[in-house]
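Down below is the structure, laid out as structure tokens.
The values are calculated or read from the model by the stated rules, or taken from the named source; none is laboratory data. Predicted model, so just to flag it, every value in this text is computed and none were measured. Counting neighbours? That spans all protein chains shown, and the Cβs are built from the backbone with ideal geometry, glycine included. SASA here: full protein model, heavy atoms, side chains in, ligands and nucleic acids out. Shrake-Rupley method; radii C 1.70, N 1.55, O 1.52, S 1.80 Å.
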Amino acid sequence: QVQLVESGGGLVQAGGSLRLSCAASGIIGSINTMGWYRQAPGKQRELVATITRAGRTTYADSVKGRFTISRDNGKNMVSLQMNSLKPEDTAVYYCNADWNADSYWGQGTQVTVSA
């Protein structure tokens, strides 16, 4: 059974940094695209950043220059380094992995940025 487990969320002051990590288990072979999404209260889930197996990245305009996504293909892990955090970054962050023609989600980790 495929499982994605996130870690690294928490409470931080505006301007601070956090690093999220996600480990995928139950995977045989290669994961295609991995990514991070977030959902703030009362809002739809939105893309934050994605990274292909080859290392090609995409970012939401709102996080460009502040967040960096990376992955370790050998360990089936993806990370998100978040710098210069803003209160509007407050949300539940979800890890996502596309594998074997299906899409898998983690349980989410809360990130709260205080003003």
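Can you give the translational diffusion coefficient of the stretch 41-115 in µm²/s, computed by Stokes-Einstein from the Kirkwood radius over Cα pairs at 4 °C and 1.567 mPa s? Don't skip to the answer; put the middle values down first.
Values: Rh = 13.5 Å.
Value of D from the Cα-based Kirkwood radius: 96 µm²/s.
Ordered from longest to shortest, the equivalent ellipsoid semi-axes for the stretch 39-78 are 22, 13, 8 Å, each the square root of 5 times a Cα gyration tensor eigenvalue. Computed from backbone phi with θ = phi - 60° and the Karplus coefficients 6.51, -1.76 and 1.60, the 3J(HN,Hα) list for the stretch 21-37 is 10, 9, 10, 9, 10, x, 9, 10, x, 9, 7, 6, 8, 10, x, 10, 10 Hz; x is used for glycine and proline.
Once backbone amide H atoms are built at 1.01 Å from N, Phe67 has Asn83 as its partners under 5 Å, excluding neighbours fewer than 5 places away on the same chain.
Compute the signed sum of charges (Lys and Arg +1, Asp and Glu -1) over the other residues within less than 12 Å, Cβ to Cβ, of Cys22.
Numbers: positive: Arg19, Arg71, Lys75; negative: Glu6, Asp72.
Its environment carries a net charge of +1.
Stokes-Einstein diffusion for the stretch 1-85, with the hydrodynamic radius set to the Kirkwood value over Cα pairs and evaluated at 25 °C in a medium of 0.890 mPa s, equals 180 µm²/s. Here the accessible area is traced with a 1.4 Å probe on the protein chains. For the chain, carbon and sulfur cover 47 percent of it. Once the 1.4 Å probe is applied to the protein heavy atoms, the chain comes out at 53 Å² accessible per residue. Working note: Karplus 6.51/-1.76/1.60 with θ = phi - 60° gives the stretch 90-102 the couplings 4, 4, 8, 9, 10, 8, 9, 9, 9, 8, 6, 6, 9 Hz, where Gly and Pro are set to x. In a fully extended conformation the segment linking Asn83 and Val2 would gain 26.2 nm over its present Cα-Cα distance, using 0.36 nm per residue.
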